[in-house]
Amino acid sequence: MIPTITTWLFNRVQKDGVMTFPQVLDFCANELDAVSVEIPNTTYKDWSPKGLRDLKMMLHKRGLFLAAIASQNHFNCETHEERRREVHMTKQFIDHASFLGANVLNIFHAGWGDADHGRSIKAEMMECLREVTAYAEEKCVMLALESHGPLTDNVKEFRELFEQCPSEYLRLNFDTGNLKEGPDGNLQLLDLACHAHVKPNYRDAEGNVKDAEVARVLKALKETGFRGTITMESVKGDAKENLPKQWKEFVEMVEGL
C-alpha cells in the first residue's frame with residue numbers, strides 16, 4: 001500500500017497565508033519525503049486549463065505521484081438547478097483527473113446536509129450519481145465514493161448506492177473515520193475499496209468519539225490484495241510543525257502491516 005499525503009492538512013496554513021500551494025508541495029516532497037499526494041478541490045485555486053498545466057508541471061518537478069483529486073461535490077441540494085450544477089462540476093473534475101493522470105477522483109454523494117432531506121430525494125440523487133459514473137466510464141476515470149455525510153455514513157445505505165449504480169468505475173474511498181459503525185462497519189466494505197482515507201477516530205450514532213482501530217482495519221484491507229493509495233487525513237496540532245513526526249509514524253505503521 002502506498003502512503004499518501006493530502007494537501008487538505010495544510011488548508012488552515014494556506015488560508016492564513018503561512019504557506020503557498022507550491023510551498024506545500026515543496027514541504028511534502030522535501031520535508032516529508034512523500035512520493036504520493038492527494039489534492040482536494042478547495043486547496044488548489046486554479047482549475048483552468050492553464051492552472052491544470054501548471055499543477056502538472058509542479059508535481060512533475062517535485063517527483064510527486066498524484067494519487068487522487070477530490071471534487072468535493074454534493075448531490076443532496078435543495079433544487080434541481082443546484083444538482084445540475086454539481087453534476088456539471090463533477091464532470092469537469094473527471095476531465096481534470098484524466099488530464100492530470102490522477103489515480104482516482106474522490107466524489108461525495110451527500111457530503112453534508114440533512115439526512116431526512118437526502119432520503120426524500122434519493123431518486124434524484126441517484127440520477128446524478130449514475131450520470132457522473134457513466135461519464136467516468138467514458139473517460140476511464142475511477143470514481144472513489146467518499147463515506148462523508150448522510151446516506152454514506154452507514155453500511156446499509158452505502159451498499160444500496162453501489163447496488164443501484166453498478167460499475168467497475170464506481171468504487172469506495174475507504175475511510176476509517178466516517179462510518180457510524182466504525183471498524184466493524186468498515187470491515188463489511190473491504191471489497192469495494194480503491195483508495196483510502198485514514199483517521200484515528202470516528203463518531204458512533206450517539207456522537208461518541210471512539211478508536212477507529214486503524215491498524216486492524218488496514219491490515220484486513222491489505223489481506224484482500226489491496227495495494228492502492230492510502231491517505232493520511234488527520235494531524236494533531238500545527239501541520240507545518242507536527243507533520244514530519246506524525247507522517248513518519250504513519251509510514252512506519254503502513255510498512256509494518
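The values are calculated or read from the model by the stated rules, or taken from the named source; none is laboratory data. In this text the structure is predicted, and so the values were computed from the model without any measurement. FYI the Cβ positions are ideal-geometry reconstructions off the backbone, even for glycines, and counts take in every protein chain you see.
Take the conditions (1) farther than 25 Å from Ala115 by Cα; (2) in contact (Cβ under 8 Å) with a residue 60 or more places away in the chain; (3) in contact with a Gly (Cβ under 8 Å, 6 or more places away or on another chain); Glu213 misses just one of them, which is (2). For the subset of the range 194-210 comprising residues that are over 17 Å from the mean Cα position of the chain (by Cα) and in contact (Cβ under 8 Å) with a residue 12 or more places away in the chain, which member is nearest to Pro150 (Cα to Cα)? The qualifying residue nearest to Pro150 (Cα to Cα) is Ala205.
One residue stands out among those in the range 180-208 that are out of contact with any Phe, Trp or Tyr (no Cβ under 9 Å at 6 or more places or on another chain) and of a type in the set (D, E, K, R): the one that is farthest from Asn103 (Cα to Cα), which is Glu206. Residues that are basic (Lys, Arg), within 24 Å of Thr6 (Cα to Cα) and part of a helix (DSSP H, G or I) do occur in the range 90-103, at least one of them.
Of all residues in the range 117-133 being out of contact with any Leu (no Cβ under 8 Å at 6 or more places or on another chain) and in contact (Cβ under 8 Å) with a residue 12 or more places away in the chain, which is surrounded by the most Cβ atoms within 10 Å (Cβ to Cβ)?
At the first step, the residues of the range 117-133 found to be out of contact with any Leu (no Cβ under 8 Å at 6 or more places or on another chain) are 117, 120-121, 123-124, 127-128, 130-131.
Add one more test, that the residue is in contact (Cβ under 8 Å) with a residue 12 or more places away in the chain, and what stays is 117, 121, 124, 128, 130-131.
Details: His117: 13, Ile121: 18, Glu124: 14, Cys128: 21, Arg130: 15, Glu131: 18.
Checking each candidate, the answer is Cys128.
Among the candidates Glu157, Glu168, Glu146, the residue that is within 26 Å of Ile69 (Cβ to Cβ), surrounded by 19 or more Cβ atoms within 10 Å (Cβ to Cβ) and out of contact with any helix residue (DSSP H, G or I) (no Cβ under 7 Å at 6 or more places or on another chain) is uniquely Glu146. When you check Asn76 against the structure, is it within 20 Å of Ser147 (Cβ to Cβ) and either of a type in the set (D, E, K, R) or over 17 Å from the mean Cα position of the chain (by Cα) (or both), yes or no? Against the criterion (within 20 Å of Ser147 (Cβ to Cβ) and either of a type in the set (D, E, K, R) or over 17 Å from the mean Cα position of the chain (by Cα) (or both)), Asn76 qualifies. Which one of the conditions (1) farther than 22 Å from Leu190 by Cβ; (2) touching a Cys at 6+ places or on another chain (Cβ under 9 Å); (3) part of a helix (DSSP H, G or I) does Leu129 fail to meet, given that it meets all the rest? The failed condition is (1).
Listed here are the residues, each with its yes/no results for (1) more than 21 Å from Gln14 (Cβ to Cβ); (2) touching a helix residue (DSSP H, G or I) at 6+ places or on another chain (Cβ under 6 Å); (3) modelled with pLDDT of 95 or more.
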site	(1), (2), (3)
Lys222	yes, no, yes
Phe226	yes, no, yes
Thr231	no, no, yes
Ala239	no, yes, no
Glu249	yes, no, yes
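If the condition is being of a type in the set (D, E, K, R) and without any contact (Cβ under 8 Å) to a residue 40 or more places away in the chain, then the range 216-237 contributes Arg216, Lys219, Glu223, Lys236.
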